[in-house]
1. Report the far tail of the P(r) of segment 1-65, meaning the percent of Cα-Cα pairs longer than 16 Å.
2. Along the Cα-to-Cβ line of Asp105, 7 Å from the Cα, sits a label point; which residues in segment 137-152 have backbone N less than 17 Å from it?
3. With a 1.4 Å probe and every protein chain left in place, work out the accessible area per residue of segment 61-172 in Å², rounded to a whole number.
4. Taking only the alpha carbons of the chain, what extent do you get along each of the three principal axes, in Å, biggest first?
5. In segment 2-169, what percent of the accessible surface is made up of carbon and sulfur (1.4 Å probe, ligands and nucleic acids excluded)?
6. Using a Förster distance of 25 angstrom, determine the FRET efficiency expected from the C-beta separation of Asp133 and His84, and round it to 0.05.
7. Straight-line reach only, C-alpha to C-alpha below 24 angstrom: list the lysines that Lys56 could link to, leaving out same-chain residues fewer than 8 apart.
8. What dipole magnitude, in Debye to the nearest 20, does the chain give about its Cα centre under +1 on Lys/Arg Cβ and -1 on Asp/Glu Cβ?
Amino acid sequence: MVLWIIGMSGSGKTALGKRVYEELKPGYPNLVFLDGDILREIMGDDLGHTIEDRKKNAGRITRLCKYLDSSGINVIFAVLSLFHESQRWMRENIRDYYEVYIESDLGVLVQRDSKGIYKKAINGEIKNVVGVDIAFPPPLGPDLTIKNDRGLDDLYREGGKIIKSIKPLLRR
Ligand SMILES: Nc1ncnc2c1ncn2[C@@H]1O[C@H](COP(=O)(O)OP(=O)(O)O)[C@@H](O)[C@H]1O
Ligand SMILES: [Mg+2]
């Protein structure tokens with residue numbers, strides 16, 4: 001099965017994904033956790049953040065998910081996912097696909113700004129930042145939408161709900 005955790009930078013995808021991963025991993029050794037930044041690094045950081053490069057990256061992510069799934073690996077992928085087309089492709093190509101969307105207000109993200117990208121983008125120092133000069137179209141049909149505008153404990157509680165929902169889909 002493949003769990004996609006979608007959201008803008010700083011929305012809490014990695015925090016939530018890691019939490020779910022750590023809880024499930026002992027019982028499911030065939031589970032991997034990946035995120036967009038990890039994959040970019042694995043691929044040798046050959047892509048930038050233009051729309052065109054983001055499309056290429058999205059193609060890599062979806063194809064990798066399908067390959068791993070078809071090899072009996074459960075995948076948790078924290079992904080910004082800018083393109084509805086990718087989400088549609090996942091639904092059509094992965095039998096057990098579960099999509100979580102972390103909805104965020106830009107104000108909260110700018111305040112958190114863990115990578116410092118929003119401030120730089122707002123000051124015009126960098127381009128191609130989703131939420132500033134690239135619009136983020138929310139996913140159209142997530143299985144679960146969560147808000148992450150309170151503390152980490154609340155976010156982790158949502159992780160528990162996700163685990164309950166995906167357990168029947170996980171492969172042994
Ligand atoms: N509800 C929250 N309360 C406090 N800090 C949070 C919360 N959600 C996320 N964070 C922190 O904000 C930063 C960004 O979260 P992260 O999971 O890396 O986001 P993403 O992977 O979506 O970019 C991390 O340092 C994370 O621990
Ligand atoms: Mg992340």
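1. 52
2. So the set is 146-152.
3. 56
4. Taking max minus min along each principal axis of the Cα atoms, the chain gives 49, 34, 28 Å.
5. C and S atoms contribute 51 percent here.
6. Once the sixth-power term is evaluated, E becomes 0.80.
7. Candidates past the 8-residue exclusion: Lys13, Lys66, Lys115, Lys127.
8. On the way: 27 positive and 24 negative charges, 89 e Å.
The calculation lands at about 420 debye.
The values are calculated or read from the model by the stated rules, or taken from the named source; none is laboratory data. Quick caveat: nothing in here was measured; it's all calculated off a predicted structure. Every residue, glycine among them, receives a Cβ derived from its backbone with ideal geometry; neighbour counts consider all protein chains shown. Each accessible area value is taken on the protein alone, full model and side chains, heavy atoms only, with ligands, DNA and RNA left out. Shrake-Rupley method; radii C 1.70, N 1.55, O 1.52, S 1.80 Å.
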